[in-house]
Amino acid sequence: MSTTTTAAVVESPGAGFALSEVTLDDLRPDEVRVRVTAAGVCHTDLGVAAGHLPFPLPGVLGHEGAGIVEETGSAVTKVAAGDQVLLSYSSCGHCGNCRAGHPAYCDTWLPSNLIGGQRPDGTSPISRGGVPLGGHFFGQSSFAHHAVVDERSLVKVPADAPLDLLAPLGCGIMTGAGAVWNVLAPRPGATLLVTGAGAV
């Protein structure tokens, strides 16, 4: 059954975020509806809202969400209603990189997460007044009270985990810490300078 919720919609490039009532589509077998309790704001969200990155607008952004599972699709097995989860990027699960355990290098990563604004089948999980909006941003569009999320995008966390502190990790850990661990790969005794602030 579809769900009505409130989302921060970007109507056009540079218009900013405005609260609007939207409708979330029925869950597909591999999707989960999450009540979003916290979300980080990343420079990527701001870049898309400003029109610097391609994404279909009007649309709902947000890719550092966290919340509580409310409902699961019929094929979902790794989470259940009531679980606390962090939301992250989407991946196909079928390409060579996904099968090799490297979903960040998924063959469909760019259209599935950043520029597509829709599910792989061409539909958006978010609409307003019967008109589809750009959605499925990083498999979640978490700038809303509720989000339809790919099961592959979820990370279950303990029931007492502080979601408001953990939400930004959906992007920050993989981009910031991931770059250090996987690319720089510092060895014991190496010196590393980190400047700036924020999750990344």
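Checking each residue in region 156-169 for being within 17 Å of the chain's Cα centre (by Cα) and not hydrophobic (A, V, I, L, M, F, W, C) picks out K156, D164, P168. Hey, among the residues in region 111-128 that are farther than 21 Å from E11 by Cβ and either among the aromatic types (F, W, Y) or open to solvent by 60 Å² or more (accessible area, probe 1.4 Å) (or both), which one's nearest to the chain's Cα centre (by Cα)? Residue satisfying both the conditions and the ranking: P111. Has region 41-55 got any residue that is at pLDDT 95 or above and not aliphatic (A, V, I, L, M)? No, region 41-55 has no match at all. Screening the candidates T44, T108 for the property of being under 14 Å from the mean Cα position of the chain (by Cα) and at negative phi yields one hit, T44. Taking (1) open to solvent by 20 Å² or more (accessible area, probe 1.4 Å); (2) in contact with a His (Cβ under 8 Å, 6 or more places away or on another chain) in turn, V131 satisfies each apart from (2). Taking first residues from region 30-56 that are farther than 14 Å from S88 by Cα and free of Cβ contacts under 8 Å to residues at least 60 places away in the same chain and partners that are of a type in the set (S, T, Y) and open to solvent by less than 60 Å² (accessible area, probe 1.4 Å), the Cβ contacts under 9 Å between residues at least 6 apart in sequence or on separate chains come to G51/S12. Under the condition of being hydroxyl-bearing (S, T, Y) and part of a helix (DSSP H, G or I), which residue from region 134-185 is farthest from D121 (Cα to Cα)? If we take residues in region 134-185 being hydroxyl-bearing (S, T, Y) and part of a helix (DSSP H, G or I), then T175 is farthest from D121 (Cα to Cα). The set of residues in region 89-102 that are in contact (Cβ under 8 Å) with a residue 40 or more places away in the chain and under 14 Å from D30 (Cβ atoms) comprises S90, S91, G93. Looking only at residues in region 69-98 that are surrounded by 16 or more Cβ atoms within 10 Å (Cβ to Cβ) and under 19 Å from P162 (Cβ atoms), the one that is modelled with the lowest pLDDT is S88. So H145 fits all but one of (1) closer than 23 Å to V10 by Cβ; (2) open to solvent by 80 Å² or more (accessible area, probe 1.4 Å); (3) more than 15 Å from the chain's Cα centre (by Cα); what number is the exception? The number of the failed condition is (3). The residues of region 1-50 that are closer than 27 Å to G172 by Cβ, among the small types (G, A, S) and surrounded by 15 or more Cβ atoms within 10 Å (Cβ to Cβ), listed by number, are A7, A8, A38, A39, G40, A49. Checking the structure you have, find out if any residue of region 170-192 is surrounded by 19 or more Cβ atoms within 10 Å (Cβ to Cβ) and under 18 Å from the mean Cα position of the chain (by Cα). There is at least one residue in region 170-192 that is surrounded by 19 or more Cβ atoms within 10 Å (Cβ to Cβ) and under 18 Å from the mean Cα position of the chain (by Cα). Taking the criterion of being under 25 Å from V41 (Cα atoms), aliphatic (A, V, I, L, M) and in contact with a strand residue (DSSP E or B) (Cβ under 9 Å, 6 or more places away or on another chain), the residues of region 80-116 that qualify are V85, L86, L87.
The values are calculated or read from the model by the stated rules, or taken from the named source; none is laboratory data. Here the structure is a predicted model, which means the values were calculated and not measured. Neighbour counts are summed over all protein chains in view; Cβ atoms, including those assigned to glycine, are modelled from backbone coordinates with ideal geometry. Heads up: the accessible areas ignore ligands, DNA and RNA and are worked out on the full protein's heavy atoms, side chains in. Shrake-Rupley method; radii C 1.70, N 1.55, O 1.52, S 1.80 Å.
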